[in-house]
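Student: Mind looking over this structure? Questions follow.
The values are calculated or read from the model by the stated rules, or taken from the named source; none is laboratory data. Values in this document were obtained by computation on a predicted structure and should not be read as measured data. Note that we place each Cβ from the backbone using ideal geometry, even for glycine, and neighbour counts take in every protein chain shown. Surface accessibility is based on the protein's heavy atoms, side chains included, excluding ligands, DNA and RNA. Shrake-Rupley method; radii C 1.70, N 1.55, O 1.52, S 1.80 Å.
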Amino acid sequence: MFGTKVEVVSFGSPEPEARAALAAVLREFDRLHRSYHAWQASDLTRLNDAIAQGKPAQVDDEMLHLLDASRRYATLSDGLFDPAIGHLIELWGFHSDTFVPRLPDPAAVAAAVRAHPSVLDLEIRDHTVSSRKTAVMLDLGGIAKGYALDRAAAILHEHGIRNALINIGGNVMALGTKGKQTWSVGIQHPRTPGPMATLALYDGEAIGTSGDYQRYFDFDGRRYSHLLDPQSGEPARHTEAVTILITPGEASGMRSDVCSKPVFLADQRWRDMARRCGVDHVLKVDSAGRVSVTTAMRARLRWVSGMQADTVVE
């Protein structure tokens, strides 16, 4: 789904019921993949085609929900999260299942930044969407995985599954427990194999990770990741990874997906950005490999192989 690995595990339910529930979740994932694919024919590409032609388009309730949420998070993050930068993502070669190690034309990148497309440029009236700027190209990859987590949790509950772990490319949500244990997940080290820490997840909690090791290519000895700063048009180089924990609440899956992006891109302002997003639990690894954690996150982590935080902040 969306170019990443999906895993759903249930515990303690009779196998026929569990298999039926997991099949329903995977069917939903397939539907979301087809509906919101950014470069293969989908509801999203049809909307983008209409915007590029300066025409209005009709969208359904679900698309409206995702666009409304995207607008809220774009405002909250001062534009560090903004799914309207699809042209930039395309220029850097990330509208593809495989990444060719080449740099985009600097003039084209500069032009895309000057156009300053934003999801806030959308005009939404009832179920009709148009844009003041034809430069807007929507890529919902930064919010759709989290939305899919929430949808999966709802479907599992509808099928009577109370204990499960849902993992969409490092965006993870826990339901219930694993027998008498809590679910436990590893936080990937951005530069070496294996986890740097483990984290117990309680019922309804979700984690989201943004890392420059997930979708990237190397060129002339430098790494270029898919985490683009809308203000510079360039992949961020100051951070290797950010993991956030979202406590149980409405749309916790979506929040875990979206909020890790502006925290990653905010560089030295990461703690302020996390506060703006209502996130208390953060682990950040900068480009020098230094590890910073919030006090709340430190209390939840179990470090692996002598790892520890270099900095702890409130």
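Student: Could you list log10 I(q)/I(0) for the range 1-123 at q = 0.20 Å⁻¹, which the Debye formula gives when each Cα is one point scatterer?
Tutor: Log-scaled intensity ratios, in q order: -1.28.
Student: Let me ask something else about it. In sequence order, what are the phi-derived ³J(HN,Hα) couplings for the range 145-160 according to the Karplus relation 6.51 cos²θ - 1.76 cosθ + 1.60 with θ = phi - 60°, rounded to whole Hz, with x for glycine and proline?
Tutor: Result, ordered by residue: 5, x, 4, 5, 4, 4, 5, 4, 4, 5, 5, 4, 4, 4, 8, x Hz.
Student: Taking the structure as given and computing mean projected area of the Cα convex hull in nm², which label from (i) 22.6; (ii) 17.3; (iii) 16.2 fits?
Tutor: (iii)
Student: How much space per residue, in cubic angstrom, does the convex hull of the C-alpha atoms of the range 152-229 take up?
Tutor: With only Cα atoms used, the range 152-229 gives 109 Å³ per residue.
Student: Can you tell which of T177, L32, A112 lies farthest toward the positive end of the dipole of the chain, using +1 and -1 charges on the Cβ of basic and acidic side chains (Lys, Arg; Asp, Glu)?
Tutor: Most positive-ward Cα: T177.
Student: Kirkwood hydrodynamic radius of the range 123-166 from all distinct Cα pairs, in Å? Don't skip to the end; give the middle numbers.
Tutor: On the way: mean 1/r = 0.0749 Å⁻¹.
Computed over the range 123-166, the radius equals 13.4 Å.
Student: With viscosity set to 0.890 mPa s and temperature to 25 °C, compute the Stokes-Einstein D of the range 217-278, Rh being the Kirkwood radius across alpha carbon pairs; µm²/s, no decimals.
Tutor: Using the Kirkwood radius from Cα pairs, D works out to 192 µm²/s.
Student: When Lys and Arg each count +1 and Asp and Glu each count -1, what net charge do the other residues less than 15 Å away from P262, Cβ to Cβ, add up to?
Tutor: It works out to a net charge of +3.
Student: How many Å³ per residue does the convex hull of the Cα positions in the range 180-314 occupy?
Tutor: 117
Student: Using only DSSP helix segments of four residues or longer, with each worth -39500 (n - 2.57), what per-residue ellipticity at 222 nm results for the chain after dividing by its residue count and rounding to 500?
Tutor: -10500 deg cm²/dmol
Student: Report the equivalent ellipsoid semi-axes for the range 96-227 in whole Å, largest first, defined as the square roots of five times the eigenvalues of the gyration tensor built from alpha carbon atoms.
Tutor: Computed over the range 96-227, the values are 35, 25, 10 Å.
Student: If the convex hull of the alpha-carbon atoms of the range 60-112 is projected onto planes in all directions, what is the mean projected area in square nanometres?
Tutor: That works out to 4.9 nm².
Student: Can I ask one more? Could you give me the ³J(HN,Hα) list for the range 301-314, computed from phi with Karplus coefficients 6.51, -1.76, 1.60 and θ = phi - 60°, whole Hz, x at Gly and Pro?
Tutor: 8, 10, 6, 10, 6, x, 5, 7, 7, 7, 9, 10, 10, 6
Student: Using only Cα atoms, figure out Rg for the range 76-164 and give it as a multiple of 2.2 N^0.38 Å. All intermediate terms of the calculation are to be shown ahead of the outcome.
Tutor: Working: Rg = 17.3 Å, N = 89, 2.2 N^0.38 = 12.1 Å.
Here the Cα radius of gyration is 1.43 times the empirical estimate.
Student: Could you run the Karplus curve 6.51 cos²θ - 1.76 cosθ + 1.60 with θ = phi - 60° over the range 137-142 and give me ³J(HN,Hα) per residue in whole Hz, x for Gly and Pro?
Tutor: Values per residue, Gly and Pro as x: 10, 7, 9, 8, x, x Hz.
Student: I've got another one for you. Sorted by packing (mean other beta-carbon atoms within 10 Å per residue), highest first, where do 34-45, 12-23 land?
Tutor: Per-residue Cβ counts within 10 Å, averaged per peptide and sorted highest first, yield 34-45, 12-23.
Student: If you don't mind, there's one more thing I want to ask. How would R215, R46 rank on accessible area, largest to smallest, probe 1.4 Å?
Tutor: Accessible-area ranking of R215, R46, largest first: R46, R215.
Student: Give the value in nm², to one decimal: projected area of the alpha carbon convex hull of the range 88-140, averaged over all directions.
Tutor: Hull-based average projected area comes out at 4.5 nm².
Student: Could you pull out every residue, at least 5 positions away or on a different chain, whose amide H is within less than 5 Å of the one on L227? Hs are placed 1.01 Å off N in the peptide plane, and Pro or chain starts have none.
Tutor: It is A236, by chain and number.
Student: Once the other residues with Cβ under 15 Å from the Cβ of P104 are scored (Lys, Arg +1; Asp, Glu -1), what is the net sum?
Tutor: Around P104, the charge tally is -2.
Student: How much accessible area per residue does the range 189-294 have, in Å², with a 1.4 Å probe? Present the calculation step by step, with values, prior to reporting the outcome.
Tutor: Values: 3960 Å² over 106 residues.
Result: 37 Å² of accessible area for each residue.
Student: How high is the relative contact order of the chain? Use alpha-carbon pairs under 8 Å, at least six apart in sequence, and give a whole percent.
Tutor: 17
Student: Oh, and also: For the range 42-75 and the range 190-249, compute the distance between their C-alpha centroids and round to whole Å.
Tutor: 26
Student: If you split all Cα-Cα distances of the range 256-314 into 5 Å bins from zero, what percentages do you get per bin, shortest first?
Tutor: Result, from short to long distances: 4, 19, 32, 26, 15, 4, 1 percent.
Student: Quick one: P(r) of the range 1-73 from all Cα-Cα pairs, 10 Å bins, percents rounded to integers, in order of increasing distance.
Tutor: Taking every Cα pair in the range 1-73, the percentages come to 16, 37, 27, 15, 4, 0.
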